[in-house]
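Here the structure is laid out as C-alpha cells; the discussion comes afterwards.
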Amino acid sequence: AQDMGQDLEKVLLTQEQIDTRLTEMAAEIDADYAGREVLLVGVLRGAVMVMADLSRKLHLPVQMDWMAVSSYGSGTKSSGVVRILKDLDTDLHGRDVLIVEDIIDSGLTLSWLLANLRSRGPASVEIATLLRKPEAAKVDVDVRYVGFDIAPEFVVGYGLDYAERYRHLPFVGTLAPHVYGG
Ligand code: PRP
Ligand code: MN
Ligand code: MG
C-alpha cells in the first residue's frame, strides 16, 4: 500500500476533533427535533462518514435515505446545474428532512438540492455539514448545523476525495501540492 502520509501536507482536523464536534452537533439536533422523527438525507458519496458517525450520536428516531447528484456539462466542478444520479426512495411529504453533507464549497450543489427537496412537500428541510468554506461561497445557503468553517484549501479525508482517493482517511487533511500538480 502507498504511504498516504507522503500525499498529505497537514492534518487539518483530527479524528478526535471531528468526533467532539459531531457530538455537539448531534446534541443540538436532538434538542431541536425533540419529539419528532427526522429523515436524514445523505449526499453520496462524500457524506458517508458524516452520516455514519453523526447518526450514531442521535437519540431521536431517524430514518436514512441517500441521493447521488452530479454537476452537469462543462466538467467544471459545481456548475450549479445538477443531475440526479440516484434519487430518494422516500416520499418527503410532511417529513422533517435533514440533509447531511461533508462540505459546502461554492454552495451550488446544496442550493440546488435544497430547492429540489423543498418542492416535494416536506414539513421542513435543514442542512447539517461537517465543513464549510465561507470564502469559496458563490451562493448563500442557509445552513443550520456547521461543524467547522475552514479556509479555501483543498481538503481530503473523512469522506472527501481527490480523484476518488483518500475518502477512507479517518481525519481531514490538506493534500500536498505535488499530488494535484501544484
Ligand atoms: C463535493 C462535496 C459536496 C459538493 C460541494 O461532492 O461532497 O457534495 O462537492 O461542492 P459545492 O458546494 O461547490 O457544490 P462531489 O461532487 O465531489 O461528489 P462526491 O461527494 O461523490 O465526492
Ligand atoms: Mn459530495
Ligand atoms: Mg468529490
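Taking the DSSP beta bridges in the chain as the whole, what percent of them are antiparallel, to the nearest 5?
Numbers: 12 of 36 bridges.
Once the DSSP bridges in the chain are tallied, antiparallel ones form about 35 percent.
On a full-extension model of 0.36 nm per residue, what is the gain between A115 and A27, subtracting their alpha-carbon distance, rounded to one decimal in nm?
Details: separation 88, 0.36 × 88 = 31.68 nm, distance 2.67 nm.
Residue separation times 0.36 nm, minus the Cα-Cα distance, leaves 29.0 nm.
Sequence neighbours fewer than 8 away in the same chain don't count; with that in mind, list the aspartates and glutamates whose C-alpha is under 14 Å from K138.
D105
Using a 10 Å Cβ count of at most 16 others and DSSP loop calls, identify the longest part of the chain lacking such trypsin sites (Lys or Arg not before Pro). Mind dumping the intermediate values first?
On the way: sites that count: R36, R45, R56, K57, K77, R120, K138, R144.
By the stated rule (loop sites, at most 16 other Cβ atoms within 10 Å), 78-119.
Give the residue list of chymotrypsin sites (Phe, Trp or Tyr not before Pro) in the stretch 45-131 that are DSSP loop and have at most 14 other beta-carbon atoms within 10 angstrom. Working shown, then result.
Details: sites: W66, Y72, W112; in loops: Y72.
Counting only loop positions with at most 14 other Cβ atoms within 10 Å, the chymotrypsin sites (Phe, Trp or Tyr not before Pro) in the stretch 45-131 are Y72.
Could you tally the net charge around L13, taking each other residue with its Cβ under 13 Å from the Cβ of L13, Lys/Arg +1 and Asp/Glu -1?
Working: positive: K10, R21, R132; negative: E16, D19, D53, D102, D149, E153.
Overall, the nearby charge balance is -3.
In the stretch 23-66, which GluC sites (Glu not before Pro) fall in coil by DSSP and have 12 or fewer other Cβ atoms within 10 Å?
On the way: sites: E24, E28, E37; in loops: E37.
Here the GluC sites (Glu not before Pro) that fit, given the DSSP loop and packing criteria, are E37.
Where nothing but the Cβ of Lys and Arg (+1) and of Asp and Glu (-1) is charged, how large is the charge dipole of the stretch 78-142 around its Cα centre, in debye to the nearest 20?
Working: 8 positive and 11 negative charges, 39 e Å.
My answer is approximately 180 debye.
Could you estimate the translational diffusion coefficient of the stretch 31-182 from the Stokes-Einstein equation, with Rh from the Kirkwood formula over C-alpha pairs, at 20 °C and 1.002 mPa s, in whole µm²/s? The partial results should precede the final answer.
On the way: Rh = 16.0 Å.
Rounded to a whole number, D works out at 134 µm²/s.
Values quoted throughout were computed directly from the atomic coordinates according to the rules given, and no laboratory measurement underlies them. Predicted model only: the values in this text are computed from it and were never measured. So basically every Cβ, Gly included, is an ideal-geometry build from the backbone, and we count neighbours across all protein chains shown.
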